[in-house]
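Beneath this line is the structure, given in structure tokens, with notes to follow.
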Amino acid sequence: MEYYFAPMEGLTDSVYRRLHHKYFPGIDRYYMPFFSPTMHRTLSAKEQRELPKADSVPFVAIPQLLTKNAEDFLWAAEMLREQGYPEVNLNLGCPSGTVVAKGKGAGMLRDLQALDAFLDEIFSHSPLPISVKSRLGLESAEEFPALLEIFNRYPLVQLQLHPRVRKAFYSGPVDKKAFRYCVENSINPVCFNGNLFSMEDIRKFSEEFPGIGHLMLGRGLIADPGMLIPGGTDTALLEAFTGELLEAYTENFGGARNAMFRMKEHWSYLLTRFDNSEKLGKRLRKTTDISEYRSITQEIFHTLHRNG
């Protein structure tokens, strides 16, 4: 089985990827949170930090593009080729209201004729192989057969399917029936993404879909960064990881306060792995003081029992 870390905006940035790889083995590829190329053909300072030369990191990282403009996609793909990346990933799954309103991400699933024309242009001229991360459609899983018919016209490196429609965002169960249809009818390799929060979840999925050899993990890994380690994540290791992550963000953001707020986003997931965390979690969400933040997180690690 190959495991991919899903791109999660505001969470799996370059700082996080580097430290996750340092502390927790098992990830074969890290997919980067999307960036949106523009007609200006330049990268912001933040984008430059997030897109170092591929051989400057000791793991495989794959950039993801969010765009509906084929020329912008192709410019970015060439830039990424020059940076040494082996693949580029197209985002057709982001359900954000602002993204969809602009016709990007899952918004591209609204007009299949336009999507087909876009894919024809990028697959005809891309200097890099292309994988696609997609949802089932906008409103209904009944949209998916027509969408898959379009995907089957192109040589995708991989179709990474999150089997929910856009309007579901991340709530409710994933649609296993639709995913099975994908497995049975896709001419391209398929990767599953969605609702895998433990090794037991992975085991059950593998029993149900024994032919799938690629899994993309997102929220489950943020909540339990060492989920793939035999025996589970050691609390001391998790404490060391979050401590170094805080220090790295402090340096990267130029101060502890902004670093603390970034860490709170991670803790909104991490707390789900601790029993009876409600009281300390509430204090953690409210604090604006870095010393208090450190005190609360230390109390979490040393007084609460991990449930995973």
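Which of the numbered conditions does residue 180 fail, given that it passes all the others? Conditions: (1) in contact (Cβ under 8 Å) with a residue 40 or more places away in the chain; (2) open to solvent by 60 Å² or more (accessible area, probe 1.4 Å).
For residue 180, the failing item is (1).
Does segment 163-177 hold any residues that are part of a loop (DSSP other than H, G, I, E, B), farther than 20 Å from residue 204 by Cβ and open to solvent by less than 60 Å² (accessible area, probe 1.4 Å), and which are they? Break it down into steps so the answer makes sense when it comes.
If we filter segment 163-177 for residues that are part of a loop (DSSP other than H, G, I, E, B), which is where we start, we get 163-165, 169-175.
Next, from what is left, pick out any that are farther than 20 Å from residue 204 by Cβ: 165, 169, 171.
The one that is part of a loop (DSSP other than H, G, I, E, B), farther than 20 Å from residue 204 by Cβ and open to solvent by less than 60 Å² (accessible area, probe 1.4 Å): 165.
Which residue out of 181, 249 is among the hydroxyl-bearing types (Ser, Thr, Tyr), at pLDDT 95 or above and more than 22 Å from the chain's Cα centre (by Cα)?
Values: 249 fails: more than 22 Å from the chain's Cα centre (by Cα).
Answer to the check: 181.
All but one of (1) modelled with pLDDT of 95 or more; (2) at negative phi; (3) surrounded by fewer than 16 Cβ atoms within 10 Å (Cβ to Cβ); (4) in contact with an Asp or Glu (Cβ under 9 Å, 6 or more places away or on another chain) hold for residue 84; which doesn't?
Here residue 84 clears every test but (2).
Which ones in segment 251-288 are over 20 Å from residue 307 (Cβ atoms), open to solvent by 60 Å² or more (accessible area, probe 1.4 Å) and part of a loop (DSSP other than H, G, I, E, B)? Write out each step before concluding.
Residues of segment 251-288 that are over 20 Å from residue 307 (Cβ atoms), as a first pass: 251-265, 286-288.
Then keep just the ones that are open to solvent by 60 Å² or more (accessible area, probe 1.4 Å); that gives 251-254, 257-258, 261, 265, 286, 288.
Matches in segment 251-288: 254, 288.
Specify which of the listed residues (42, 12) is assigned to a loop (DSSP other than H, G, I, E, B), under 21 Å from residue 84 (Cβ atoms), of a type in the set (S, T, N, Q) and open to solvent by 10 Å² or more (accessible area, probe 1.4 Å).
Details: 12 fails: open to solvent by 10 Å² or more (accessible area, probe 1.4 Å).
Exactly one residue qualifies, and that residue is 42.
Looking at the structure I just gave you, is residue 295 open to solvent by 30 Å² or more (accessible area, probe 1.4 Å), hydroxyl-bearing (Ser, Thr, Tyr), in a helix (DSSP H, G or I) and under 30 Å from residue 177 (Cα atoms)? I'd like the intermediate steps shown before the answer.
Working: open to solvent by 30 Å² or more (accessible area, probe 1.4 Å): yes; hydroxyl-bearing (Ser, Thr, Tyr): yes; in a helix (DSSP H, G or I): yes; under 30 Å from residue 177 (Cα atoms): no.
So residue 295 does not fit the description; no.
Might you let me know whether segment 229-250 holds any residue that is in a helix (DSSP H, G or I) and farther than 24 Å from residue 25 by Cα? Even if it seems obvious, please write down each step before you answer.
Step one: filter segment 229-250 for residues in a helix (DSSP H, G or I), giving 235-250.
From what's left, farther than 24 Å from residue 25 by Cα: 250.
Checked against the condition, which is being in a helix (DSSP H, G or I) and farther than 24 Å from residue 25 by Cα, segment 229-250 yields at least one hit.
Can you say whether residue 139 is open to solvent by 50 Å² or more (accessible area, probe 1.4 Å) and in contact with a Phe, Trp or Tyr (Cβ under 9 Å, 6 or more places away or on another chain), as far as the supplied structure shows?
Details: open to solvent by 50 Å² or more (accessible area, probe 1.4 Å): yes; in contact with a Phe, Trp or Tyr (Cβ under 9 Å, 6 or more places away or on another chain): no.
Spelling it out, it is not the case that residue 139 is open to solvent by 50 Å² or more (accessible area, probe 1.4 Å) and in contact with a Phe, Trp or Tyr (Cβ under 9 Å, 6 or more places away or on another chain).
If you take the residues of segment 280-308 that are modelled with pLDDT of 95 or more and of a type in the set (Lys, Arg), which of them is farthest from residue 199 (Cα to Cα)?
Once the filter is applied, the top-ranked residue is 286.
Give the residues of segment 200-255 that are polar (S, T, N, Q) and within 20 Å of residue 293 (Cβ to Cβ), sorted by residue number. Reasoning before the result, please.
Just the residues of segment 200-255 that are polar (S, T, N, Q), to begin with: 206, 233, 235, 242, 250, 252.
Within segment 200-255, 235, 242, 250, 252 qualify.
The values are calculated or read from the model by the stated rules, or taken from the named source; none is laboratory data. Note that this is a predicted model, so its numbers are computed, not measured. Backbone-built Cβ (ideal geometry, glycine too); neighbour counts: all protein chains shown. Quick note on the areas: whole protein, heavy atoms, side chains included, nothing else; ligands and nucleic acids left out. Shrake-Rupley method; radii C 1.70, N 1.55, O 1.52, S 1.80 Å.
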